[in-house]
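A quick write-up on the structure given underneath.
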Ligand SMILES: *Cc1c(COP(=O)(O)O)cnc(C)c1O
């Protein structure tokens, strides 16, 4: 009889005392029919499990590890901060420096409040938007995930989607009655909601690049009637087109891009546009999706990269909205550990490196374009029924023959095939998300050689007869 691995032994223990053995559902390998690897340590692009297996990691703690694991500058800043004490429950210099760094660099963020997670950031931003507008309704998109607060746990992608649960139990209907659902990349679906509730919508919240239903970039604007107009599927791998469409931002354009269209609808109806940049913030570029696509938000939420691996979130935006927040304004929001000095030290160290070396983003986005572009080419050559979607260093492969532009098309992906793909990669020591509906996260630490090896493995996998159409 095969003896158990250390990961398996630990997971058996975990199952007895932690629901599902995990502290966040997507860490469970249930949907890919595996036992989670217990990770003992990580450095650079690699993670090592309790059995000593080493994996090339494409999850990167779900985004924070943009510099690779265990970046020395971050580690040293954290250790130094620990020597000064772990928490004071009082104001500290590092919080001021963090806020200045963000407000000094990010468009439309004039004030910022630190919190402890992305969930908290979004929940608080929604409250601020409601307090500012005096309205109750919010618009969210099917397949976008904004953390696990009650009002936003409706058709929320990723973990929820993988588990096959449309909504969460324990969320009273009264908590979601003001949550209106729209279709990603479908401006008409948003317009209809505004026409129905012109004076009741406080905010539209969007992942500027959908990254919790797999990766679904926003469609760029189009010149209607022009033969040069990109089709939906073409524009999904169109880094350059996105960037240049942002620059053109533009009179000739007859059909606005998805994000541009949301901007004008929110302005027209007096609603707050919230970009949930928990994944895209400091990833697409230092100024996040706002800078990358050239579209202004009123409020922005952060998490993941901003904490460099420590539990941190933030929300910020226009001064007139943020000044509604307590203790200046009537919108209450607080946190015992918010702006924690050790967490701030980690985030500050990472953001400082990213800000001082903007070339990092150029290289990372080009790396993404090359890697995901190669994946797409392999998919075409092997005639596999897969779609490769990407934006900058984020990307994913969907096992469907349909272009994926929204939640409905994402759901056409064959998750059993994804599970096979996952197992093929894991057995070759490549750690990708244990769910179809998550992104791959490239980091500064991934080398061309390592990525080239991965491409070979993907080709091997797709060449399998099973995937020939
Ligand atoms: C991860 C994520 C969140 C939630 O952040 P947590 O830190 O997990 O609470 C919110 N929004 C988006 C877009 C995310 O990807």
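Read-outs throughout are calculated quantities, based only on the coordinates presented, and are distinct from any laboratory measurement. What you see is a predicted model; the values in this text were computed from it and never measured. As a convention, Cβ positions derive from the backbone with ideal geometry for all residues, glycine included, and neighbour counts pool all protein chains shown.
Using 0.36 nm per residue and subtracting the Cα-Cα separation, the extra length available between residue 40 and residue 416 on full extension is 132.5 nm. What would the Debye equation give as log₁₀ I(q)/I(0) for the chain at q = 0.06, 0.14 Å⁻¹, counting only Cα atoms as equal point scatterers? Relative scattering, expressed as log10 I(q)/I(0), comes to -0.25, -1.50. Within segment 333-469, the percentage of alpha carbon pairs spaced more than 24 angstrom apart rounds to 40%.
You can think of it this way: the chain between residue 13 and residue 334 has 112.0 nm of extra reach, that is 0.36 nm per residue less the Cα-Cα gap. Among 105, 401, the ranking by other beta carbons within 10 Å of each residue's beta carbon, starting with the fewest, stands as 401, 105. Is the C-alpha gyration tensor of segment 401-469 telling us rounded, prolate or oblate? Criteria: a/c under 1.5 is rounded; beyond that, a/b larger than b/c is prolate, otherwise oblate. Verdict is oblate for segment 401-469.
Between residue 460 and residue 402, the FRET efficiency estimated from the beta carbon spacing at R0 = 35 angstrom works out to 0.90.
Modelled this way, with points 7 Å down the Cα-to-C-beta line, the labels at residue 87 and residue 4 are 3.3 nm from one another.
The alpha carbons of segment 22-121 give a radius of gyration and a Dmax of 17.5, 48 Å, in that order. Treating r as the C-beta distance of residue 264 and residue 177 and R0 as 25 Å, the FRET efficiency rounds to 0.40. Each part reduced to its alpha carbon centroid, segment 307-354 and segment 1-32 end up 33 Å apart. Cα centroids of segment 436-450 and segment 367-398: 12 Å apart. Calculated from the alpha-carbon coordinates, segment 69-110 shows an Rg and a Dmax of 13.0, 35 Å respectively. If the chain linking residue 188 and residue 24 were pulled fully straight, counting 0.36 nm for each residue of separation and taking away their Cα-Cα distance, it would gain 55.6 nm. Normalised Debye scattering of segment 6-65 at q = 0.20, 0.23 Å⁻¹ gives log10 I(q)/I(0) of -0.82, -1.04, counting only Cα atoms as equal scatterers and leaving out solvent. Size check on segment 91-226: the Cα extents along the three principal axes, sorted descending, read 49, 48, 33 Å.
For the listed peptides 367-376, 346-355, a ranking on the average number of other beta carbons within 10 Å per residue, highest first, reads 346-355, 367-376.
Counting every other Cβ atom within 10 Å of each residue's Cβ, 197, 398, 58 order from fewest to most as 197, 58, 398. Taking 7 Å steps out from each Cα toward its Cβ at residue 103 and residue 377 produces label points 4.8 nm apart. Dividing the mean sequence gap of close Cα pairs (under 8 Å, 6+ apart) by how many residues the chain holds gives a relative contact order of 22 percent.
Over the chain, DSSP H runs of length four or greater, each weighted -39,500 (n - 2.57), average out per residue to a 222 nm ellipticity of -11500 deg cm²/dmol.
Computed over segment 341-469, relative contact order equals 25 percent, with contacts defined as Cα pairs under 8 Å that lie 6+ residues apart.
Put in line by how crowded their Cβ is, counting other Cβ atoms within 10 Å and starting with the fewest, 273, 451, 224 read 224, 451, 273.
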